[in-house]
Amino acid sequence: MENKKETYSLNDDRRVRVLSPGAMVAKRFFRNRLAVVGLIMLLTMFVFSFIGGLLSPYDQDEQFYATTQQQQEYVGVVRNNDFRYTVADGMEFGSAAQAQFLLAQGKGESTFSYKDVTYEWVEEGADLYSIYANGTLLAFAAKDIVNEEEAALPFSVKYEALKAYVNGETSFTAEGASYELDEEGNIIENGAVIGYVSRFVVRSQENGVVISRDFREALEDAIETEVSDFVYTGEDGETYTYEITYNASAQNWSVLQTKDTYVYDRYASPSSRHWLGLDTNGMDMLTRLMYGGRVSLVIGFIVVLIAAFLGIILGGIAGYFGRWVDNLIMRIVDIFYCIPSMPLIIILGSAMDNAQMDSQLRMLYLMLILGFLSWPSIARMVRGQILLLREQEFMTAAEASGIRASRRIFKHLIPNVIPQLIVICTMSLGSTIITESTLSFLGLGVKFPFASWGNIMTDVNDAFVMTHYWYIWIPAGICLLITVLGFNFVGDGLRDAFDPRMKR
């Protein structure tokens, strides 16, 4: 019987399936459930931050306003129960001389002396006294006050007006002109009111605000009738409500004006229009979270790229050349490890605050500073891996082939370090975002109007906001937590995927 030689071929049933190294890493990664969860978390945050910001109908610095009633102190009112002194032009009658007058008036003495000057006083009526020096009218003391309407009134007009008022007269003459005085204390010249006599002193609490005569009269009537509030319509047609409160210790009245004010809609609650409410500046919180995610993620990636760039170059050179080059670079690494990073960043942040640096330029400097302070750990890892790889046979063959040193480092050595580099960079992203958020929370990082998850949470410094407005800071904290956890899960998954010896 003829023996037939049986042949075999690698058909579809018997072919051995061989995966590439990249496919093997991907397969191990996606078998890791935590890594897949972390990847989903990161994808969600990237979509939320970058795509959500494009879909949002608002800008990150768009502010919303609301009309609300606010009370503010408008005027202060004092009923004058003490003497006020009006001194003639060019004369002097200081506080010490005034005190001597009060002593003499209390004792019933018609004269008193001060600094070799003899003064004489005469009672002109109820609570009105004329004070003379050497027979010349020097000043008068009165509890009633002459208020000017527009132009300032001369000393003699005020004096004669008060004399007529306290004695119940209806007219008086001063400086050759005739004036009338009605029952309400109005001083009239040629049919026009030029001033009025009152015992109330009304002072505006805001500079540049002129208190009209009509308002003074309405206010005095309200005080005399002991009402707590009144409504007044000004010359501009605006109607406001005024609340009167009496301060017994200061013996004065405070008048509060209530009016509709157009202000930022601060800490508005979540609604159909603003799903997460508004912040202290009246900005949409959901939009700020989206744009804040962009800033935090971009800063994290750029900082890690800067650190990786410096770490790969310096670590590769140190590991390949060794000897004095290795010693020099490693001593530089040791110096950077000894630098107190956080205090240094705080000092630089304070310096930028004092310089009032532009927010966008400040963000650029923040990325450069964080990246420049983060490269030593990457350089040390790259150096260690290259020290191990440079003794391998393929490197001996590359050197024997005459390939120049820079090509051997960046073409043959560095690519073999990429897996470990990806892992350490992924793990560093989370800590970088935490650092940026901490600085922004302290007011030393990203500044208004730009948003980041850190500076969004600065409102938690206010205990009232922290306890009553949860939607201001909790969503930003959740976004930060999800992102950092996602990077840590992905980093752990990549570490396990690149090292098949690790079991989970």
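Derivation of every value follows stated rules applied to the coordinates shown; laboratory data play no part. These numbers were taken from a predicted model, which means no experiment stands behind them. Glycine gets a Cβ as well: all are built from the backbone with ideal geometry, and neighbour counts include every protein chain shown.
So the values come out like this:
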{"item": "Zone residues, region 246-277, relative to Ser228, backbone N less than 20 Å from point 7 Å out along Cα-to-Cβ", "result": "246-259"}
{"item": "Helix axis angle, 213-224 relative to the chain longest principal axis, alpha carbon, degrees", "result": "80 degrees"}
{"item": "Listed residues Ala23, Ser49, Val77: farthest to the positive end of the dipole of the chain (Cβ charges)", "result": "Ala23"}
{"item": "Among Tyr65, Tyr165, Leu361 - extreme Cα towards positive end, dipole of the chain, charges at beta-carbon", "result": "Leu361"}
{"item": "Percentage relative contact order, the chain, counting C-alpha pairs under 8 Å, at least six apart", "result": "19 percent"}
{"item": "Debye, to nearest 20: dipole size of the chain, +1 on Lys, Arg Cβ, -1 on Asp, Glu Cβ", "result": "7140 debye"}
{"item": "Vicinal HN-Hα couplings computed from phi for region 162-167 (Karplus, 6.51 cos²θ - 1.76 cosθ + 1.60; Hz; Gly/Pro x)", "result": "5, 4, 5, 5, 6, 9"}
{"item": "Among 241-251, 306-316, the order from most to least packed when residues are scored by Cβ within 10 Å on average", "result": "306-316, 241-251"}
{"item": "Scaled radius of gyration (Cα, divided by 2.2 N^0.38 Å) that the chain gives", "result": "1.81"}
{"item": "Cβ-derived FRET efficiency at R0 30 Å, Phe83 paired with Thr173, nearest 0.05", "result": "0.75"}
{"item": "Helical contribution to [θ] at 222 nm, DSSP H n ≥ 4, -39,500 (n - 2.57), averaged over the chain, rounded to 500", "result": "-15500 deg cm²/dmol"}
{"item": "Distant-in-sequence amide H partners of Lys143 (H built 1.01 Å from N, under 5 Å)", "result": "Arg84"}
{"item": "Between helix 95-107 and the chain: long-axis angle, C-alpha atoms, 0 to 90°, nearest 10", "result": "50 degrees"}
{"item": "Contour excess over end-to-end distance, with Cα ends at Leu388 and Ile403 and 0.36 nm allotted per residue", "result": "3.5 nm"}
{"item": "Virtual paramagnetic centre 7 Å along Cα→Cβ of Glu235, amide N under 19 Å, in region 194-225", "result": "194-197, 202-220"}
{"item": "Region 81-142, dipole about Cα centre (Lys/Arg Cβ +1, Asp/Glu Cβ -1), debye to the nearest 20", "result": "140 debye"}
{"item": "³J(HN,Hα), Karplus 6.51/-1.76/1.60, whole Hz, each residue of region 52-57, x for Gly, Pro", "result": "x, x, 6, 7, 5, x"}
{"item": "Phi to ³J(HN,Hα) by Karplus 6.51 cos²θ - 1.76 cosθ + 1.60 over region 356-363, Hz, x for Gly, Pro", "result": "6, 6, 4, 4, 6, 5, 4, 5"}
{"item": "Between 0 and 90°, nearest 10: helix 341-354 axis offset from the chain longest Cα axis", "result": "40 degrees"}
{"item": "Over region 95-205: Rg over Rh, Cα atoms, Kirkwood Rh", "result": "1.01"}
{"item": "Amide H within-cut-off set for Val75, under 5 Å, with H built and near neighbours excluded", "result": "Gln205, Val255"}
{"item": "Cα-based equivalent ellipsoid of region 196-344: semi-axis lengths in Å, sorted from largest, via gyration tensor", "result": "70, 23, 13"}
{"item": "Amide hydrogen neighbours beyond the local backbone of Leu442, cut-off 5 Å, H modeled", "result": "none"}
{"item": "Cα-only Debye scattering, region 81-142: base-10 log of I(q)/I(0) at q = 0.16, 0.26, 0.27 Å⁻¹", "result": "-0.43, -1.26, -1.38"}
